[in-house]
Amino acid sequence: MTVLRVDTISGIGSDGPVFDGDLKFNSQNFFVLPKGTTTDRNQTGGRGLFGGGYISSGLNTIEYVNIQSTGNGKDFGDLTDGRYKVASLASSTRGLFAGGWDGLPNFNIIDYVTIATTSNAVDFGDLTAEKRNSSGLSNSTRGIIAGGDTPTTTNIIDYVTIASLGDATTFGELITSGQSLSGGVSSPTRGVFGGGSPGITTLQYITIATTGNAQNFGDLTVSKQAGNACSSATRGIFGGAQDNTIDYITISSLGNAQDFGDMFVDRALYGATSNSIKGIFGGGRKTPTNYNTIDYITIASTGDAQDFGDLTQVKYYVDATSDSHGGLS
């Protein structure tokens, strides 16, 4: 039997319990109490997931990295179907991969995984339509899937409640009449979509907790088609696409993007995510070369990306999410 003897427990509330007195662990199987909030611990570690992708056909592969430390990807499990051009999003516990393509028709399925546990994905529900090339973002409760191709380009925004299995519901519409291959970033309250096809520089935003149409935020420094994006709670990063330029915005303030630096490897069609401190970009393609490269940047600073490691395989049209991105801070 284990006995925990504490003189007093005080401060139970938003700060959690505070232990005072002589606290001892008289056992060979001791444990150490974690320090900091859950968000703090995620930001100093955090698991990033890369799902799907394409080589000669759609891949069902999911792999993971520890974002805090540099290193190569490792096998996590499989999607329910091999596909690419998916949209991904996550809470601190659950990761979702939505839609995609592996030849017509498009997929409308949404898969989910428990990020802390390596395993195969399980069915979550369906999108409002079969589509690919959508952009995903989220806060801790709600996931957003915007735009894409059905196969005609759509401006419809869907949303799901991440903790509850079920089909997506219509949220509103993007500003442009049709938009795909955008990047999405988020704070806990605001989502911002940037760039996309055909050759779009537009930045547009939504308030995640409400429903409604997107509104104008500003513009990227250059058009970014088939790039991807990541964020902290305050700063959004839009990586290169057909060029190697990285842009950044302050999510809470409307305005145009500014230059951040350059990608480590010039490419598009990669996955991007963060642990709110470090942003990573994995996989991608610049014709005729495909990549398994992972780059990283420090979000709070500016500067060129550096080498992080490699994915388990060369692939592009891959997407990424994590348990500690900017929307969860």
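Read-outs: derived from the displayed coordinates by stated rules, not from any lab. It should be emphasised that the depicted structure is a prediction, and the values quoted were computed from it without experimental measurement. Quick reminder, even Gly has a Cβ in these numbers, built from the backbone with ideal geometry, and neighbours come from all protein chains shown.
The order of the peptides 245-254, 320-329, 187-196 by mean Cβ neighbours within 10 Å, most packed first, is 320-329, 187-196, 245-254.
Other residues within the sphere of radius under 12 Å centred on the Cβ of Gly100, judged by their own Cβ, net out at -2 (K and R +1, D and E -1). Take the chain, drop everything but the C-alpha atoms, weight them equally and run the Debye formula without solvent; then report log10 I(q)/I(0) at 0.11, 0.14 Å⁻¹ to two decimals. Summing over Cα pairs of the chain leads to -0.62, -0.96.
Put simply, when 284-293, 68-77, 265-274 are sorted by average Cβ atoms within 10 angstrom per residue, most first, you get 265-274, 284-293, 68-77.
In the structure shown, the pairs Lys131/Lys278; Lys224/Lys278; Lys85/Lys286 are assessed against 23 Å; a Cα-Cα span above that value is assigned to Lys131/Lys278. Each Lys or Arg adds one and each Asp or Glu takes one away; over the other residues whose Cβ falls under 15 Å from the Cβ of Ile62, this sums to -3.
What is the sum of charges, Lys and Arg at +1 and Asp and Glu at -1, for the other residues whose Cβ falls under 14 Å from the Cβ of Tyr291? The answer is 0.
The residue list Asn244, Asn108, Thr210 was ranked by how far each Cα lies along the charge dipole of the chain toward its positive end, using unit charges on Cβ atoms, and Thr210 comes out on top.
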